[in-house]
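The values are calculated or read from the model by the stated rules, or taken from the named source; none is laboratory data. No experiment lies behind these values; they were computed from the predicted model shown. A quick note on method: Cβ atoms are made from the backbone with ideal geometry, for glycine too, and the neighbour counts reach across all protein chains shown.
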Amino acid sequence: MLRTLAGGRLSEVAGGLATLRAADPLLADIAAADASARLATAELTDLRELHQRVEREAPDRPLLRWWLLAILGERAFLDTDLGVIPLAVQALPELPDEPFATLPVLYVRGRLRRIASAVYLIAPSPDGVTEHLRLRDAAVADFLRGGLTAEVALTRGLSAAIHAISTWDDVLEDLEIVRDARALLDDAEESVWLPVLDQLHALVALAAGDLDEADLAITAVEQRRGLHPVFGAVADVGRAEIDLVVGGGTDTAVKAVLTALDRLRASHPQMLGLHQLRIANVLADLGRTDEARAVGLAGLAWPPTNTMMAVTGALLRVRLGVLDGVTRDADAALVLLEQLAGPGHVRRAGAVALRMARDYARVGASDAAATLRRWGLDRMPDERRRTTWERVWAGPLDAGPAPAPAPTPEGATITVRVMVPVLEVARAGTAIALRSMPAKLLLALLVAHPEPLHVEQAVDLLWPDAPPEVGRPRLNTVVHRLRSALDLDAGALRRVGDVLLLDPAGWEVDLLRFRTAPADAIGEVTGNLCHVQFPYDDLLVEQRHVLDAQIASARRSDA
């Protein structure tokens, strides 16, 4: 039963409950509550009543109480009810320590540690990041010892997403962990924690300016909007934010994002303030000062849940004051930025400084703008490790709103060589190192395939043993990584229905040159579809047989 729950196969739980209930009614009720909580159908009031029942009926069975506290803590986390979560965290010292390695103890203790680790970032303390990492690693160790691989992936993914949102200093590394965790969790489709992870993933990607990645994560949330009202509402806000940025702040896009915020207010008001502050800052970036003020003041009316949110709200007030012409010096901003730049937040503070420098520049306060820009750049990582928005905000100051993240710069030609032993990719003459082997193989396959590539063909080639429900989401991740590595816009590499389309317009591709003029291009042919790197991949082998004859013919003509 525990492995079924931990694996997310919640529809299978009901089949075992009847037998379990006959032997142990209380245990069966807790297992049923766990399955319901993971489907977001359990109410906190019902879980509290069950907790009281356990204390009355089974005071000598502490593991049942710990298990129920883990369920309560996770359900409260989903509802952002921070008042309930400490009940779960306080149970941790009561649990048996490391020598006890039975599966029930590992399962329950790992879940309690996971919730406790999140609390240290949601409500940060001076040692918050250290304690978060310690508890996260302890939770992962519990799940690994219990062989609960889905719980391991979920713990790592949630930790990385919350860490990125809360601290930001390692955002690109955190995003990579989230992607990997999400790919491993695709066969646990019934669990509510998948859309929770997708929702957090989308928030991090939006804040980083990676709109393609955010779009993929939002699409995944939308597919499970029926599990809980918050998923559809948050997905609508994220989708509207993407349209707002891409459209440059048009009236239609502004109206859509305001409507989405209204829907979030109706379904999940606890989350509204955080999203209002975020959207207000985006509206300010786009020069929509009146709307930024209205949304921002509404967000500021919510009590801040932690110090970081309070300082972020105060910085938004300064931004609005600058854009209204009330504030022209950088003193107040610098005081708040120093407060923000605590442990783990230095990079975030630097990014906010760069963002605000553009506000001062737009109203002609050039000295204050230059001061904030210097302060921000001093706290930024090197350019290769910056997010899309950080690169935009670090650009030259001008009098206009921040532009949307740009695709590949004009003139930066992408060169792909597949008629060689090993794939070669470059942009403007500089080699691009693709870290993911599936991404390398997919690019070679897309370039080599004369027709649009069917999704099932790609999945079968990349993961021949994976079922479709696992392979398709993995393919989405690989497409995103390839698009990001090559700095492509969404139209250049996209999935349309059941096919993948690559538009290599403006690219230099040796295979295309060879197919167009074999005699002219034969001199640069030193291999056949990366034959050393991908010798046994069926779809490439088929194309190689065709090309072998063409290569031989071209060499005879060249002789």
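Examine the stretch 213-229 for a residue that is within 23 Å of Arg113 (Cβ to Cβ) and of a type outside the set (Ser, Thr, Tyr), and state whether such a residue exists. No, because not a single residue in the stretch 213-229 is within 23 Å of Arg113 (Cβ to Cβ) and of a type outside the set (Ser, Thr, Tyr). Residues of the stretch 18-50 that are of a type outside the set (D, E, K, R), over 34 Å from the mean Cα position of the chain (by Cα) and closer than 30 Å to Phe231 by Cβ: Ala28, Leu50. If only residues of the stretch 498-522 that are aliphatic (A, V, I, L, M) and in a loop (DSSP other than H, G, I, E, B) are counted, the one that is nearest to Asp558 (Cα to Cα) is Ala517.
Of the residues in the stretch 182-189, none is of a type in the set (Lys, Arg) and surrounded by fewer than 21 Cβ atoms within 10 Å (Cβ to Cβ).
Residues in the stretch 292-344 that are within 30 Å of Asp262 (Cβ to Cβ), assigned to a helix (DSSP H, G or I) and of a type in the set (S, T, N, Q): Thr307, Thr312. Of (1) surrounded by fewer than 19 Cβ atoms within 10 Å (Cβ to Cβ); (2) of a type in the set (A, V, I, L, M); (3) at pLDDT below 90, Leu334 satisfies all except one. Which? Answer for Leu334: the failing condition is (3).
Please work out if Ala549 is more than 22 Å from Ile414 (Cβ to Cβ) and either without any contact (Cβ under 8 Å) to a residue 24 or more places away in the chain or among the basic types (Lys, Arg) (or both). So Ala549 fits the description; yes.
For (1) exposed (fewer than 14 other Cβ atoms within 10 Å of the Cβ); (2) under 26 Å from the mean Cα position of the chain (by Cα); (3) hydroxyl-bearing (Ser, Thr, Tyr), each residue gets a yes or a no:
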position	(1), (2), (3)
Val416	no, no, no
Ala428	yes, no, no
Leu441	no, yes, no
His449	no, no, no
Glu456	no, yes, no
Trp507	no, no, no
Leu511	no, no, no
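Residues of the stretch 424-443 that are among the hydroxyl-bearing types (Ser, Thr, Tyr) and in a loop (DSSP other than H, G, I, E, B): Ser436 alone. Selection within the stretch 206-227: residues that are closer than 16 Å to Ala164 by Cβ and in contact with a Pro (Cβ under 8 Å, 6 or more places away or on another chain). The member of this set that is surrounded by the most Cβ atoms within 10 Å (Cβ to Cβ) is Asp210. Consider the stretch 523-540 and keep the residues that are outside any loop (DSSP other than H, G, I, E, B) and surrounded by fewer than 18 Cβ atoms within 10 Å (Cβ to Cβ). The one that is modelled with the lowest pLDDT is Asp538.
State the number of residues belonging to the stretch 243-257 that are modelled with pLDDT under 85 and either assigned to a helix (DSSP H, G or I) or touching a Lys or Arg at 6+ places or on another chain (Cβ under 7 Å) (or both).
So the answer is 1.
Within the stretch 136-152, restricting attention to residues that are modelled with pLDDT under 90 and of a type in the set (A, V, I, L, M, F, W, C), the residue that is farthest from the chain's Cα centre (by Cα) is Leu148.
Applying a threshold of 7 Å to beta carbon distances and a minimum spacing of six or more residues, or different chains, the list of pairs starting in the stretch 71-100 at a residue that is at pLDDT 75 or above and ending at one that is among the basic types (Lys, Arg) reads Glu74/Arg111; Leu92/Arg113; Leu95/Arg109. Is it fair to say Arg385 is farther than 24 Å from Leu283 by Cβ, in contact (Cβ under 8 Å) with a residue 12 or more places away in the chain and either in the same structural domain as Ser484 (by TED's automatic domain parsing) or touching a Leu at 6+ places or on another chain (Cβ under 7 Å) (or both)? So Arg385 passes the test. Restricting the stretch 15-42 to residues that are outside any helix (DSSP H, G or I) and in contact with a Ser or Thr (Cβ under 9 Å, 6 or more places away or on another chain) leaves a set whose member that is surrounded by the most Cβ atoms within 10 Å (Cβ to Cβ) is Ala42.
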